[in-house]
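Notes for the one structure printed next.
The values are calculated or read from the model by the stated rules, or taken from the named source; none is laboratory data. Fair warning: this is a prediction, and the values are worked out from it, not measured in the lab. Methodologically, a virtual Cβ is constructed for each residue, glycine included, from the backbone with ideal geometry; neighbour enumeration extends over all protein chains shown.
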Amino acid sequence: MKAGLKNKIVSLSMLGIALGIFVTLYLFNFKAINDALVLNFSSKKTVEQLFEGLLNTALVTVASFALGLLLGMITCLVEKIDNDSWWMMAIKNIFKIYVSVFRGTPMVIQLLIIYFVVFMDFTGSALLIAILSFGLNSGAYVSEIFRGGINAVPKGQMEASRSLGLSYSSSMFHVILPQAFRNAFPSLANEFITLFKETSIVGFIGAVDLSLAFRKLANATFDYNTVYIVMGIVYFLLVYLFTLLFKLIEKGLSKHART
Amino acid sequence: MLELKNVTVSFNDQTILEDISLEVEKGDIIAIIGPSGGGKSTLIRTMNMLVTPKSGEVLFKGEALSKQNINKMRENIGMVFQQFELFPHLTVLKNMILAPVKLKKMDKVTAIEKAKVLLDRVGLLDKINAYPGSLSGGQKQRIAIARALLMNPELMLFDEPTSALDPEMVKEVLDVIRDLASQGMTICIVTHMMGFAREVANKVYFVHDKQVYETSDVDGFFTNPDNDRAKDFLSHINPNN
């Protein structure tokens, strides 16, 4: 029997067993579990708060990922500029320091410093600061991802493009970057998922995301077991959904990959 | 047409070519041969400044190649690589028309028309919408040649165009080059195909030990070279290859 098929049978049956256990437990404790869920999640206000938290999480994740892509691309391209004037050297070094500082410290610390130290007098939304912090953090990682993606394009591609008369920047834009992006896609998808999970710390600066909405709920009902397990399941299902989605896109992208 | 004047090339203090002067004339078919690691590829890459010489000048039609004019000059110097270097994310047609359209050498409609003519000439018109990944090595290389020709170059450089091909595909690529040669294109070709070199070339550059030994007595070179190193080199290879 083929290994792929075997694996499918094993994983499906394990899923079946898990579901079976779950359903049995649910049936045995039907009333208790149902009561707990009703107690925690039945009020309209609760659902609204959770939904608002989810929206904030989505907002911070997507906006900071977009900012990270932009910053990462700029950082990566600055490094590639072929110019050794004093100014350029200084600029390149600034970007280098940026990358090593943001990769070299924990995200929570960056968030706290940016909110409580750098923007001490800032009175606007904490979400904005969260987006900025996560964007800066993500940019440092994304620049490395792009760098790897560009380096994975064979050197001959640039030479072929240049020998047709295209300039360096034209070659970069039309020949190298499209391939680099495809190389980098799996890592970028990974970065997105990491970012999504990491945004659960924005509660540190008072921004209400999905995890803080759940925590507030648990604090109100004192039913930590139910609320935290549901929170875990919600995060897992969302990440699983993203993974499936990215796999699908990746499949489409690799259709015309190098052979 | 193309002239090297006292060109020295070195990488990290290691000299690859030393004080080379030579001239490629219009209509020349030049076979660049020699032992591996001798600098053949470096020589042909210097001709369109993919390799920048440490000293000396490369002149194309009397004008020195420089950082400022290099893109313009390269439009007239086609190059074909050992590894084909088609752009895998673009179809055959888009591979071909990318440069001429972006560089405003021709409008898109004209470019597509001319691309079709060239594809027909290399026998691959039916692959116009295929992606490089679905083509054989020989097909890829013929398309790489067509892509270079679409820029309407006056000089074609070939860097070991058949070295990465399976044996049964060598002929189809050599036929295309042979066809180009018979139409009067100026060609420089780095090759290990001695039979082919002897058949089409009117000059041989034998590259070894940082020097280029030049001769226009092609038959004489292959039967009884007056260069000792060349004699030694030729005695080690299969003459029917």
* When you look at residue A:23, is it at pLDDT 90 or above, β-branched (Val, Ile, Thr) and more than 30 Å from residue A:127 (Cβ to Cβ), yes or no? -> no
* To do: Scan the range A:165-184 and report the pairs whose first residue is in the same structural domain as residue A:254 (by TED's automatic domain parsing) and whose second residue is buried (at least 18 other Cβ atoms within 10 Å of the Cβ) and of a type in the set (Asp, Glu), with Cβ atoms within less than 8 Å and a gap of 6+ or a chain change.
  => A:165/B:75
* Asked: Counting residues that are buried (at least 19 other Cβ atoms within 10 Å of the Cβ), which strands (runs of 3 or more DSSP E) fully inside the range B:133-241 reach at least 3?
  -> B:155-159, B:186-190, B:203-208
* Give me the pairs: first residue in the range B:155-166 and under 10 Å from residue B:32 (Cα atoms), second residue at pLDDT 90 or above and in a strand (DSSP E or B), beta-carbon distance under 6 Å, and six or more apart or on different chains, which are they? -> B:158/B:80; B:158/B:189; B:159/B:190; B:160/B:190
* Report whether or not residue B:102 is without any contact (Cβ under 8 Å) to a residue 24 or more places away in the chain, within 21 Å of residue B:145 (Cα to Cα) and surrounded by fewer than 21 Cβ atoms within 10 Å (Cβ to Cβ). => yes
* Structure fact -> Exactly one of A:45, A:6, A:31, A:92 is in contact (Cβ under 8 Å) with a residue 12 or more places away in the chain, of a type in the set (Lys, Arg) and in a helix (DSSP H, G or I), and that residue is A:92
* Criterion violated by residue A:58 - all others in (1) surrounded by 18 or more Cβ atoms within 10 Å (Cβ to Cβ); (2) assigned by TED's automatic domain parsing to the domain that holds residue A:140 satisfied -> (1)
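Let's see how each residue does on (1) under 26 Å from residue A:187 (Cα atoms); (2) not in a helix (DSSP H, G or I):
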{"residue": "A:82", "(1), (2)": "no, yes"}
{"residue": "A:102", "(1), (2)": "yes, no"}
{"residue": "A:112", "(1), (2)": "no, no"}
{"residue": "A:134", "(1), (2)": "yes, no"}
{"residue": "A:138", "(1), (2)": "yes, no"}
* To do: Quick one: in the range A:235-259, of everything that is of a type in the set (A, V, I, L, M) and without any contact (Cβ under 8 Å) to a residue 60 or more places away in the chain, which residue is nearest to the other protein chains (Cβ to nearest Cβ)?
  => A:248
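State all residues of the range A:152-211 that are part of a loop (DSSP other than H, G, I, E, B) and within 14 Å of chain B (Cβ to nearest Cβ); if no residue qualifies, say none.
Hits for the range A:152-211 are A:152, A:153, A:154, A:164, A:165, A:166, A:167.
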* Search result, residues across the range B:105-124 that are surrounded by 18 or more Cβ atoms within 10 Å (Cβ to Cβ) and either of a type outside the set (A, V, I, L, M) or touching a Gly at 6+ places or on another chain (Cβ under 9 Å) (or both) -> B:114
